[in-house]
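Chemist: Below you'll find the structure I mean.
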Amino acid sequence: MKYLSIAIPCYNSEDYMDRAIQSLLPGGEDVEIIIVNDGSTDHTLEIARRYEKEYPTIVKVVDKENGGHGDAVNEGLNHASGMYFKVVDSDDWVEETALEKILDVLKGWYQQGSLTDMLISNYVYEKVGVKNKKVIHYRNVLPQDRIMTWGDIGRFRLSQYILMHSVIYRTELLRNCGLKLPKHTFYVDNIYVYYPLPHVTSLYYLDVDFYRYFIGREDQSVNEKNMIKRIDQQLYVTRTMIDMYSMRKISSRKLRNYMINYLAIMMTVSSIILIRSKTEENLEKKKALWKYLKEVDYRVYWKIRYSILGQTMNLPGNSGRKVSVLAYEVARRIIGFN
């Protein structure tokens, strides 16, 4: 019986994938580790096959042509046999004691014959050169150690939004809701977290520091230079999320507000990267993005545009853009991203 399937998307990951895999092996026969080789040109596949040979009942290798991170997640989900599904990036890892506690919870649900849709746990920014690591927890937002609904959630701070690092979904929920991430596109982890939310009816928060999010490599997608270079992909993901749901049809008010605030964060990140690029072409793209949101859903546009975030991102002129960048720098230092 596999309680948890963990997909590890790998592209030229030979230098760091061992740590990710080894952190998951203590889960033993309760876990299924799916290493997805996404068309690597280094020794990634060779390393993956070695683990598969050594742990044939735990490790499964999927070898595919390159399709990007989202496509690798899709393949991992296609091959998952566990009750629950988790994505661990190849340069990240998990904490063993927290993994044990999560597996105990999943086993308990199985024995009771009642499966919760989503489990949320904490994650830690393992940022290069930073001694005191930033832990993102949800103690002030979510009731602990009990099954809840969206009506039980509190108010999330800017730094507390549920990311791929903090979420474990029930496998069949992801399949039944039709989740499919786009190929050759960065930043699709936002779609992975966001799209299933209206299909979730039960949640559970376990206050453990489970996921270790490594950040600081020059080639990472969240490196600011790379975000500027790939801004069209960020815009594509943001527009895709805008198109997903009519917010008026989301029955839970708290979930609706959460999803609107998530879109506000996506609009803010897209806007600030466009501003940081310092090109007239990208400033026009920023205007076009806000216009697009307005045309798709005026009510959501109004709520986001005239929120503090929205107003900060749309201050006029060079002085306004300087204030926007300053706000971004403050948020970056507080939250700890890129």
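Chemist: Would you confirm, using the coordinates I've provided, whether ARG256 is touching a residue at least 12 places away in the same chain (Cβ under 8 Å) and outside the structural domain of HIS69 (by the TED database)?
Modeler: no
Chemist: Let me ask you something else. Which is crowded, with 18+ Cβ neighbours inside 10 Å and closer than 30 Å to VAL128 by Cα, of ARG212, ARG157?
Modeler: ARG212
Chemist: Looking at segment 157-199, which of the residues that are at pLDDT 95 or above and aromatic (Phe, Trp, Tyr) is nearest to ALA80 (Cα to Cα)?
Modeler: TYR169
Chemist: So, one more: Among the residues of segment 291-311, write down those that are within 16 Å of MET241 (Cα to Cα), crowded, with 18+ Cβ neighbours inside 10 Å and among the hydrophobic types (A, V, I, L, M, F, W, C).
Modeler: LEU293, VAL300, ILE304
The values are calculated or read from the model by the stated rules, or taken from the named source; none is laboratory data. Note that the coordinates shown come from a computational prediction; the quantities given were computed from them, not determined experimentally. Counting neighbours? That spans all protein chains shown, and the Cβs are built from the backbone with ideal geometry, glycine included.
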